[in-house]
Amino acid sequence: MGTMDTPLTLAEFLPKAKAITVLTGAGISTDSGIPDFRGPQGVWTKDPSAEAMSTIGAYLADPEVRRRAWRSRRDNPVWDAEPNAAHAALVELERAGRLRALITQNIDGLHQRAGSSPETVIEIHGTMREAVCLSCGLRTPMPEILARVDAGEDDPPCVECGGIQKSATISFGQALDRDVLDAAVAAARSCDLFLAVGTSLTVQPAAGLCLEAVEHGARLVIINAEETPYDGLADAVLRLPVGEALPRLARLALGGGR
Ligand SMILES: [Zn+2]
């Protein structure tokens, strides 16, 4: 335990981990050119009014907020983003049969694009690659809706019922999906190693998943550029860039040395 003997400890227990659950946050996607909303360079830090687009009350009440939100979705860097080495490292772990579940706070869909299987990925904050009707629940691939935005509809209504649509993500003021959350908790409780990557571990319920894992006997490894509230609970903390640390850690787990 403890972080002083991190390299030795990691080398001992990583190759033995057979049921790894990973939790990823914004830090895994910054190398793909997707800004961290809450970090020092984050979108909300620079433009607090952007937060209204992610708040369900403001979104429903104000057509101008929705028009801005659709433009922002259309111009989002995610459409040109490619998965990076850290995403690929998790695909390797999965293909080697070592990764049980991949819980992500990210809405960018880059894990699936990298090759992680959709059944393995648990998107607790939803996905921006789909739109959802807030009245009838119809889900549509986001590019289809963005094509309508490009064609001049500045707030495209649902084709089935005329309802207000938004990205299939969890906005402030919206509850998380119960089934998705249950799957995440089950994955945290049943793993032998819980690996938190690129997340500040300050947003619930993601943060609490670390505790669930540890209380059910898993080792905890944290890779994050900055301190997290759970560092003291971890068996190892790698305060390194995710794009370097995760591929190295995956090689170590797969028995390939550093
Ligand atoms: Zn509808």
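Bear in mind these aren't lab numbers, they're just calculated from the coordinates by the rules spelled out. What you see is a predicted model; the values in this text were computed from it and never measured. Note that each Cβ is placed from the backbone with ideal geometry, even for glycine, and that neighbours are counted across all protein chains shown.
Numbers for the structure displayed
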{"read-out": "Net lengthening on full extension, Ala85/Glu144 (0.36 nm per residue, minus Cα-Cα)", "value": "18.3 nm"}
{"read-out": "Convex hull projection area averaged over all views, segment 174-245, Cα basis, nm²", "value": "5.0 nm²"}
{"read-out": "20 °C / 1.002 mPa s Stokes-Einstein diffusion coefficient of segment 70-154, Kirkwood radius on C-alpha pairs, µm²/s", "value": "150 µm²/s"}
{"read-out": "Value in Å of the Kirkwood radius, where the chain supplies the Cα pairs that are averaged", "value": "19.1 Å"}
{"read-out": "Directionally averaged shadow of segment 123-170, computed from the convex hull of its alpha-carbon atoms, nm²", "value": "3.1 nm²"}
{"read-out": "CD proxy at 222 nm, helix term only [per DSSP H run n ≥ 4: -39500 (n - 2.57); per residue of the chain; nearest 500]", "value": "-9500 deg cm²/dmol"}
{"read-out": "Difference of contour (0.36 nm per residue) and Cα-Cα distance, Glu12 to Ala96", "value": "28.4 nm"}
{"read-out": "Exposed-loop-free span, longest in the chain, where GluC sites (Glu not before Pro) count as exposed if DSSP calls them loop and at most 15 other C-beta atoms lie within 10 Å", "value": "1-118"}
{"read-out": "Residues with amide H under 5 Å from that of Ile223, placed H, sequence gap 5 or more", "value": "Ala196, Val197, Gly198, Leu238"}
{"read-out": "Exposure proxy order (Cβ contacts within 10 Å, fewest to most) of Thr21, Thr120", "value": "Thr120, Thr21"}
{"read-out": "Directionally averaged shadow of segment 50-98, computed from the convex hull of its alpha-carbon atoms, nm²", "value": "5.2 nm²"}
